[in-house]
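Single-structure report; data block below.
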Amino acid sequence: MKLTVATALLAAAAAPALAEEVEYSYDGTQLTGYFAQAEQAKGLVLIVPDWDGLTEYEMKRADMLAEMGYDAFAVDMFGADVPLETTDHRRAATGALYQDRERMGGLIAAGADKAREMSDAEGMVVAGYCFGGAVALEMARGDAGDGAVGYATFHGGL
């Protein structure tokens, strides 16, 4: 696709008002999320990544949501000290959280709290991919009082 002045202007106009990595913590674990802010946000979307952790994919999705008028926060469910390079690493990291639902809930709650701290938007929807979809379902089943108005899971584990 050839970039013209018109498409460049449209792309610039739709860019997030703010997009940045955000540091936060839970129970001594340092976490890094990604926040994309819309101009006059219509709502807030909490993005829970798959077992690869927070990658450029989730960041791009957050940016796309901001371009559509929603603040978006992609959470970190593992922290920098948890290796995710191999399938065995990812299986171990997600398996540990499946076995410790209290920690899973605490990590997602910490991300939701940070997202709300950064966004003035009313109403939050939680969306998760694969492992993140399972986390979104766990959040929906829980009695955490998270205040989400909806949940979406994309091929999440039941």
Q: Kindly check whether there is at least one residue in the stretch 148-157 that is more than 18 Å from D27 (Cβ to Cβ), open to solvent by 50 Å² or more (accessible area, probe 1.4 Å), of a type in the set (S, T, N, Q) and in a loop (DSSP other than H, G, I, E, B).
A: no
Q: List the number of the failed condition for T94; all other conditions in (1) more than 26 Å from G69 (Cβ to Cβ); (2) surrounded by fewer than 13 Cβ atoms within 10 Å (Cβ to Cβ) hold.
A: (2)
**Q.** Residues of the stretch 97-110 classified as farther than 16 Å from A140 by Cα and open to solvent by 20 Å² or more (accessible area, probe 1.4 Å), total
**A.** 2
Q: Please state which one of V75, V82 is open to solvent by less than 40 Å² (accessible area, probe 1.4 Å) and closer than 18 Å to Y24 by Cα.
A: V75
Q. Restricting attention to the stretch 25-52, which residues are free of Cβ contacts under 8 Å to residues at least 40 places away in the same chain and within 11 Å of the chain's Cα centre (by Cα)?
A. A36
Q. Considering only the stretch 16-48, how many residues are of a type in the set (F, W, Y) and open to solvent by 50 Å² or more (accessible area, probe 1.4 Å)?
A. 1
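For the stretch 125-143, name all the residues that are in a helix (DSSP H, G or I) and either basic (K, R) or touching a strand residue (DSSP E or B) at 6+ places or on another chain (Cβ under 9 Å) (or both). Quick ask: steps written out before the conclusion?
Of the stretch 125-143, the ones in a helix (DSSP H, G or I) are 131-141.
Matches in the stretch 125-143: F131, G132, G133, A134, V135, A136, L137, M139, A140, R141.
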Q. Yes or no: A134 under 30 Å from Q40 (Cβ atoms), open to solvent by less than 60 Å² (accessible area, probe 1.4 Å) and within 17 Å of the chain's Cα centre (by Cα)?
A. no
(Q) Just to be sure I understand the filter: pairs with C-beta atoms under 8 Å, separated by 6 or more residues or on different chains, first member in the stretch 146-158 and among the small types (G, A, S), second member assigned to a loop (DSSP other than H, G, I, E, B). Which pairs pass? (A) G156/C130; G157/C130
Q: Please work out which one of (1) modelled with pLDDT of 95 or more; (2) touching an Asp or Glu at 6+ places or on another chain (Cβ under 7 Å) is the condition A41 fails and give its number.
A: (1)
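The values are calculated or read from the model by the stated rules, or taken from the named source; none is laboratory data. Since the model is a prediction, treat every value here as computed from it, not as a measurement. Backbone-built Cβ (ideal geometry, glycine too); neighbour counts: all protein chains shown. Accessible surface areas use protein heavy atoms only, side chains included; no ligands, DNA or RNA. Shrake-Rupley method; radii C 1.70, N 1.55, O 1.52, S 1.80 Å.
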